[in-house]
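These notes are about the structure you will find just below.
The values are calculated or read from the model by the stated rules, or taken from the named source; none is laboratory data. Since this is a predicted model, take the numbers as computed values, not measurements. Neighbour counts run over all protein chains shown; Cβ positions are idealised from the backbone, glycine included. The area values use the complete protein model at the heavy-atom level, side chains included, leaving out ligands, DNA and RNA. Shrake-Rupley method; radii C 1.70, N 1.55, O 1.52, S 1.80 Å.
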Amino acid sequence: MTQSYDLLLRGGTVIDGTKAPRFEADVAVRGGRIAAIGDLAGARAAREIDASGLIVAPGFIDSHTHDDQALLSQPDMGFKVSQGVTTVVAGNCGISAAPLKAGMDLPMPLNLLDAPGAERFTSFRAYFDALRRQPASVNVAALVGHSTLRAVTMDSLDREATPAEMRAMQDLLEASLEAGAIGMSTGTFYPPAVKASTEEIIEVGRPLSARGALYVTHMRDEAARVMESLDETFRIGRELGVPVVVSHHKVQNRANFGLSEKTLPFIREAMGQQKVCLDCYPYTAGSTMIRTDRGMLDGRVLIASSEPHPECAGRDLADIAAEWGVPEPEAARRLQPGTAIYFLMDEGDVQRILAFDETMVGSDGIPLGDKPHPRLWGTFPRVLGHYSREVSLFPLETAVWKMTGLTARNFGLAGRGTVAEGQHADLVVFDAATIRDAATYDEPTRPAEGIHSVIVNGQVTWQQGRHAGARAGQVITREESTA
Ligand code: ZN
C-alpha cells in the first residue's frame, strides 16, 4: 500500500541534531509529527518540497530571547523564522511578560518587553492562554523573571527583599511553574535586582527544586568579577539542586579580554559536580538598555532605540554627545529609556566560547525598533555560514547540534531538537554552501540568505524568502517536556 503523508521533503541530506554525520534521506510529516525517514520513493504526500542538494535539519531553538511580547505583538516572528528558528526560550535576564499588575510602572529594563498598548498579564496562565488563543509562528518555552517578581511584589527595589516578600515571590513562582513556565531567570546585573543577595535568589527559587526546573542567569558581573559571578551561579544551582544556565556567556571590557581562558575551564570543572549549561551569541558587541556607567561606555556605543529621541536610532553616542555639547554619560541619560549596542568584547573570546563543546547558540535579540542589534535577524545563519563554513570553528553537524539537540536536552524540550520518527515536525531546509547572515550594524533587519524552507509543527511557515502565513507555534510547558 502506498503511504500517504501531509508533507514530504524529498532528496535532502539530513543533519539530525545529535552531532551524528549527515546522511541522505527523504523525510515525511503527518499530523504535525515526523512520520518516516528514509527512501520514500513510493510514498505520496499532499505537498512536496524538493530538498535535493540541501540540508534538512531540526528547526533551530533560540536558547536566549526577549520575545515574550513580540510573540503577541509581532506574531509572524519574521526575524526568527527567516533564520530557521522554530522555538524560542523567552523570559530571560530576569524579565518576563508575567506576572505583572495592570497599570504598574515598569522600571528599565522591564519596559523593553512592553509593546505600546500591550496587555498586561497578571499570571503565566493568562499569558499562555493569550498565546494559545493567538498562536505565533514559532513555539515558545518561557522562564519567570526574578526582576519581574520583585517589581510586582516590592514597593522599593533598592534593597533586599524581606522574608514576607520572598514568600510572596515564591508563591508567584510556584503558580507560574504550575501554569507551565520551565524555570526562573535572574538579571542581577540590572538595577531592579542589583540589591538582591545570593540568599534572596536561593529563597525565592525554592519552588524550582521539587520540579528540577531551570535556574537561568544574566550574571551580576561579566567583566572583572566574572569568576566570582560564576561561583555565585554554581552555588545557587547546588543549593537548589537544579540545572543552571549561564546566559550569553562573555567577558567584557578591554582589561578583561582573554579571560575566557579561565572561565571555560572553571565551567568545565563545575560541570563535573552539577548540571551547568551556557549559551552565547556570535558577535563582539552586546545590546541592552541604555546605561550611563563608565564600564559600559568603554568602547563604541551605537544607539538602537530611544523613546525621547527616536531620531537618534542608528547613531553613535559619541557623535550625539558632541552635537549636544555634553559628556557621553549625560547624553546617554537624556536618551533613556532606550536600547544601545556596546562594542565590548574580543573576537578571540567570542570564538573560544562559541567553540566550547557545551555552548548553545542564543540570539539575545531585542525585537524593538528599526535599528536593533543584527543578532536579532542574523545569529543562526552567522554561526552556520561565517563561523562553521568560513572560519571552520566546528563542523556543520556540531553547529546544528548547538542550536537544536543540545538545547532541547538542556531545557528539557521533549520531542524537539532532533530529526527522528515521532518528533514534532519542526524542520529547516537550508543550503550549506550559501547560508549566511545578511544583517549588519548599518542594515540590521536584512533577512538571512540560504534558508529554503522552515516548517513549524508540520506547517510550512517560511519558504523562498517569504513568510507563508502559518502560525502553528505551540506553548511548550513542563507537562509536555517531562512527558
Ligand atoms: Zn542578559
| query | Which net charge results when you count Lys and Arg as +1 and Asp and Glu as -1 among the other residues whose beta-carbon is under 12 Å from that of Gly91? | reply | -2
| note | A correct Kirkwood calculation over the Cα atoms of the chain returns a hydrodynamic radius in Å of 22.5
| Exceeding the 26 Å Cα-Cα cut-off - candidates Lys262/Lys371; Lys19/Lys80; Lys80/Lys275; Lys19/Lys275; Lys80/Lys402; Lys195/Lys371 | Lys262/Lys371; Lys80/Lys275; Lys195/Lys371
| How many angstrom lie between the C-alpha centres of the stretch 200-226 and the stretch 114-167? | 17
| said: Rolling a 1.4 angstrom probe over the protein chains, ignoring ligands and nucleic acids, what is the accessible area of Arg225 in square angstrom, nearest 10? | reply: 130
| remark: With label points set 7 Å from each Cα along the Cα-to-Cβ direction at Ala433 and Arg33, the distance between them in nm comes to 3.7
| field | Helical mean residue ellipticity (222 nm; -39500 (n - 2.57) per DSSP H run of 4+; nearest 500) of the chain | value | -7500 deg cm²/dmol
| task | Specify which residue in the list Ile55, Ala168, Ala43 is farthest towards the positive end of the charge dipole of the chain, using unit charges on the beta carbon of Lys, Arg (+1) and Asp, Glu (-1), about the Cα centre. | result | Ala43
| task | Provide the solvent-accessible area of Asp129, counting protein heavy atoms only and rolling a 1.4 Å probe, rounded to the nearest 10 Å². | result | 70
| remark: Computed about the Cα centre, the charge dipole of the stretch 286-343 from +1 Lys/Arg and -1 Asp/Glu charges at the Cβ has a magnitude in debye, to the nearest 20, of 140
| Using the per-residue mean of other Cβ atoms lying within 10 Å as a proxy for protection, in what order, highest first, do the peptides 423-435, 306-318 fall? | 423-435, 306-318
| query | How far is the Cα center of the stretch 11-65 from the Cα center of the stretch 228-274, in Å? | reply | 36
| note | Here the percent of antiparallel bridges among DSSP beta bridges lying wholly in the chain, to the nearest 5, is 55
| query | In Å, what Rg and Dmax follow from the Cα atoms of the stretch 286-343? | reply | 9.6, 26
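Once you charge only the Cβ atoms, +1 for Lys and Arg and -1 for Asp and Glu, what is the size of the charge dipole of the chain about its Cα centre, to the nearest 20 debye?
Approximately 720 debye in magnitude.
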| query | What's the FRET efficiency of Glu421 with Asp50 using the Cβ-Cβ distance as r and R₀ = 30 Å, to the nearest 0.05? | reply | 0.85
| query | Per residue, how many Å² of accessible area does the stretch 286-343 show with a 1.4 Å probe? | reply | 43
| task | State the percent of C-alpha pairs, over all pairs in the stretch 18-139, separated by a distance greater than 20 angstrom. | result | 56
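Ala255 to Ser123: extension gain in nm, 0.36 nm per residue of separation minus the Cα-Cα distance? Intermediate results must be reported in sequence, preceding the final value.
Values: separation 132, 0.36 × 132 = 47.52 nm, distance 4.27 nm.
Roughly 43.2 nm would be gained on extension.
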| remark: Expected field for Glu328, accessible surface area in Å² at 1.4 Å probe radius, rounded to 10, holds 70
